[in-house]
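**Student:** Mind having a look at this structure? Questions to follow.
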Amino acid sequence: MALVFTGDEFGDGGKAIADALQQSGVQASFFLTGRFYRNKNFKSVLRRLQKDGHYLGAHSDAHLLYNDWTKRDSLLVTKEQFMSDLQKNYNEMKNWGVGKKEAPFFLPPYEWYNDTIAAWTKEAGLQLINMTPGTLSHADYTTPDAKNYRASDVIFNSITTYEKQHGLNGFILLVHIGTDSKRTDKFYNQLPQLLLYLKQNGYKPVRIDQLLATTSEY
């Protein structure tokens, strides 16, 4: 299985996440926007993640919504816009010594895409990936004022329940590296507990390029 963290405008959990991963001897993958890579407030976190050997990847430059939420086949960007935005993301990653060879996997913003976006990604020399559905881990960004709010204990329980019923072998579990300040119940603070649970149940989280090694030759 692989733990993946996405980030755009928020990065408040960076240190806590890096500490928990280091203490558990686990490497993870971080798919970040160009805005995140450009943000001076996140430079120390990025240096730490790179030093600790985690995977640094692309999540678009400006966190664009590529296609309509209700009509998935309706594109909201042109091919030119998509390619330009993606290239800007990798231009920022170059400042960290990361190119397409080192980061061949692309996780789309909002984890939302269609077959056209997948085809354009392949044309750009990358492989589109997404989180594995079945848990509420991705709901850690929700805030108490939202109808879709999920408390951290609810999210944690959704993961353990899924694991007991289906297992997590090959699973891509997505969490956010930071969230809005309106959410004070930060799920990343439960990462040490989650990592302990995974270890006790025989799982060893690896980087996304290790999990998907057979498809990473680009």
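The values are calculated or read from the model by the stated rules, or taken from the named source; none is laboratory data. Please read these numbers as outputs of a predicted model, since none were measured by experiment. Virtual Cβ from ideal backbone geometry, glycine too; neighbours counted across all protein chains shown. Heads up: the accessible areas ignore ligands, DNA and RNA and are worked out on the full protein's heavy atoms, side chains in. Shrake-Rupley method; radii C 1.70, N 1.55, O 1.52, S 1.80 Å.
**Student:** If you go through the stretch 19-41 one residue at a time, how many are surrounded by 21 or more Cβ atoms within 10 Å (Cβ to Cβ) and under 13 Å from ILE177 (Cβ atoms)?
**Tutor:** Of the residues in the stretch 19-41, 10 are surrounded by 21 or more Cβ atoms within 10 Å (Cβ to Cβ) and under 13 Å from ILE177 (Cβ atoms).
**Student:** Is there a residue in the stretch 188-202 that is more than 24 Å from LYS15 (Cα to Cα) and assigned to a loop (DSSP other than H, G, I, E, B)?
**Tutor:** yes
**Student:** If you scan the stretch 121-179, which residues turn out to be open to solvent by 20 Å² or more (accessible area, probe 1.4 Å), hydrophobic (A, V, I, L, M, F, W, C) and more than 19 Å from the chain's Cα centre (by Cα)?
**Tutor:** Scanning the stretch 121-179 gives ALA146, ALA151, VAL154.
**Student:** Working only within the stretch 63-100, note down all residues that are surrounded by fewer than 17 Cβ atoms within 10 Å (Cβ to Cβ) and at positive phi.
**Tutor:** Across the stretch 63-100, the qualifying residue is only GLY97.
**Student:** From the residues in the stretch 100-140 that are among the small types (Gly, Ala, Ser) and in contact with a helix residue (DSSP H, G or I) (Cβ under 7 Å, 6 or more places away or on another chain), which one is farthest from GLY53 (Cα to Cα)?
**Tutor:** Residues of the stretch 100-140 that are among the small types (Gly, Ala, Ser), as a first pass: 103, 118-119, 124-125, 134, 137, 139.
Next, from what is left, pick out any that are in contact with a helix residue (DSSP H, G or I) (Cβ under 7 Å, 6 or more places away or on another chain): 103, 124, 134, 137, 139.
On the way: ALA103: 13, ALA124: 25, GLY134: 28, SER137: 23, ALA139: 26 Å.
So the residue we want is GLY134.
**Student:** Does the stretch 42-62 hold any residues that are surrounded by 18 or more Cβ atoms within 10 Å (Cβ to Cβ) and on the phi < 0 side of the Ramachandran plot, and which are they? If you could, list the steps in order and put the result at the bottom.
**Tutor:** Just the residues of the stretch 42-62 that are surrounded by 18 or more Cβ atoms within 10 Å (Cβ to Cβ), to begin with: 42, 45-46, 49, 54-61.
Result: PHE42, VAL45, LEU46, LEU49, HIS54, TYR55, LEU56, GLY57, ALA58, HIS59, ASP61.
**Student:** Please work out which one of (1) open to solvent by less than 40 Å² (accessible area, probe 1.4 Å); (2) without any contact (Cβ under 8 Å) to a residue 12 or more places away in the chain is the condition TYR188 fails and give its number.
**Tutor:** The single condition TYR188 does not satisfy is (2).
**Student:** Right, here's the next one. Determine whether the stretch 132-141 contains at least one residue that is among the charged types (D, E, K, R), free of Cβ contacts under 8 Å to residues at least 40 places away in the same chain and either in a loop (DSSP other than H, G, I, E, B) or in contact with a His (Cβ under 9 Å, 6 or more places away or on another chain) (or both).
**Tutor:** no
**Student:** Follow-up. Six or more apart or on different chains, Cβ atoms under 9 Å: show the pairs whose first residue is in the stretch 1-29 and modelled with pLDDT of 95 or more and whose second is open to solvent by 20 Å² or more (accessible area, probe 1.4 Å) and part of a strand (DSSP E or B).
**Tutor:** If the second residue must be open to solvent by 20 Å² or more (accessible area, probe 1.4 Å) and part of a strand (DSSP E or B), the pairs left are PHE5/HIS176; THR6/HIS176; GLY7/HIS176; ASP8/HIS176; PHE10/HIS176; GLY13/HIS176.
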